[in-house]
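All of the numbers you see were taken from the coordinates with simple rules; none came from a lab. Fair warning: this is a prediction, and the values are worked out from it, not measured in the lab. Don't worry about glycine lacking a Cβ; one is built from the backbone with ideal geometry, like all the others, and counts go over all protein chains shown.
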Amino acid sequence: MNTAAPRIAALFTSAALGLALLTGCSSDNVSCGLDQCTVTMDRSTSASASVLGVEAKFVSADANTVTLEVAGEQVQLTKGQQAVNVAGLQVSLDSITADQVGFVVSR
């Protein structure tokens, strides 16, 4: 009885599942772990990324506050503020500079 074929199939299935879990992000400016992604965006009106199944778009920023549109809902984030719940995800501001904003999206 040959058991190599089922083992190979199980290996490929496991590898595909692992890749599916880690590919919750769609952009070069997104770094994802198992249930959390860190996003870095240029402070421009056209910046956006797909993160954990939702679209995140940069809207505006000042020295301390960033406004994003996440899953169609606008949220304001301030550095040091607790995460905001949007579409079942937690969103928090990680960094803000003159050129870029960084935020974290987690399940």
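Between the amide H of residue 86 and those of 91, distances stay under 5 Å, these residues lying 5 or more places away or on another chain, with hydrogens modeled in the peptide plane.
Give me the one-decimal nm value for the distance between modelled label points at residue 85 and residue 31, 7 Å along each residue's Cα-to-Cβ direction. Placing both labels 7 Å beyond Cα along the Cβ direction yields 2.9 nm.
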